[in-house]
Amino acid sequence: MPCPDVLAVYAHPDDESLSAGGILARHAAAGARTGVVTATWAPDSHRAAELADALRLLGAGEPRMLGYADHRVPESAPGRPRWCDAPLDEAVGRVVAHVRAFRPGIVVTHDAHGSSGHPDHVHTHRVTLLAVHAAGLEGFLPEAGPPWRPSALYLSSHPRSASGELAELLGGAGKRLHTVPDDTLDASVDVRPWVEQKWAAIRAHRSEAARAGSLPALLSAVPEATRERILGTEWFLRLDLTARSGDPKALNG
């Protein structure tokens with residue numbers, strides 16, 4: 001069975017590499033099309049250039065940037081609203097347009113916690129959840145292209161049993177890792193064959209790697225073996241977008 005095309009939707013430049021860099025590299029190596037939609041930072045910013053370098057390393061094409069401002073860095077997109085403040089219909093419609101244009105087999109994004117709880121992560125989860133459903137609706141935003149329904153939405157998550165080293169690393173910087181019960185996860189992907197590629201993509205986000213307390217900076221400070229354990233598996237919750245089950249008449253009693 002061919003490897004499905006993947007469209008990733010994440011809040012900030014570097015989220016794609018940290019959360020899904022392994023599967024993006026893995027699917028690209030298998031011949032699938034991969035792409036990344038990034039909600040924040042202006043397309044002419046320094047972080048856009050870093051994102052372009054990271055995506056080249058992952059085989060994920062050119063950046064697809066929505067250009068909203070980071071919740072905590074308003075100067076990331078001068079004159080633009082913060083991502084969390086943008087009209088919801090507008091935000092959903094723009095992601096719908098990317099889904100319909102790319103026509104992915106699967107979409108990946110943040111889970112409901114956003115891993116770190118960052119408002120932009122949480123909002124990206126909400127917008128993407130709405131957009132992958134709306135993208136398949138006949139008559140909805142016809143100007144955004146023909147309807148397209150991916151087969152599944154995968155949500156980047158962290159199991160409680162395997163989060164110790166990462167949670168400790170973040171805790172030392174005063175940050176919290178939000179985890180989920182192990183039995184709620186649907187996919188555990190071994191990306192160790194692509195971990196060097198993933199790490200190179202993370203380091204391509206040079207300004208983040210140089211910022212004290214950022215996850216790329218924290219990962220740079222740990223032994224290589226520890227870093228490979230943290231980065232070598234990616235976990236996801238899976239939402240099936242195509243299956244039909246149960247008796248619709250049950251809703252009528």
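What the table shows:
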read-out	value
Which of Tyr154, Tyr68 is most accessible, then next, and so on - probe 1.4 Å	Tyr154, Tyr68
Solvent accessible area, Å² - Lys175, 1.4 Å probe, full protein context	80
Heavy atoms of Trp194: accessible area, 1.4 Å probe, square angstrom to 10	60
In Å², nearest 10: area of Glu90 left accessible to a 1.4 Å probe	80
Dipole in debye (nearest 20) - the range 137-253, about Cα centre, beta carbon charges: Lys, Arg +1; Asp, Glu -1	300
Whether the range 1-138 is rounded, prolate or oblate, judged on the alpha carbon gyration tensor where a/c under 1.5 counts as rounded	oblate
Value at 222 nm in deg cm²/dmol, rounded to 500, when DSSP H runs of n ≥ 4 in the chain each add -39,500 (n - 2.57)	-11000 deg cm²/dmol
Listed residues Asp240, Asp120, Asp53 arranged by accessible area, highest first, probe 1.4 Å	Asp240, Asp53, Asp120
Three-way shape call for the range 97-253 based on the alpha-carbon gyration tensor, with the a/c threshold at 1.5	prolate
From phi via Karplus (6.51, -1.76, 1.60), per-residue ³J(HN,Hα) for the range 215-227 in Hz, x at Gly/Pro	5, x, 5, 5, 5, 5, 8, 9, x, 4, 4, 5, 4
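The values are calculated or read from the model by the stated rules, or taken from the named source; none is laboratory data. Everything numeric in this text was worked out from a predicted model, so none of it was measured. Counting neighbours? That spans all protein chains shown, and the Cβs are built from the backbone with ideal geometry, glycine included. Note: accessible area is taken over every heavy atom of the protein model, side chains too, but ligands, DNA and RNA are not part of it. Shrake-Rupley method; radii C 1.70, N 1.55, O 1.52, S 1.80 Å.
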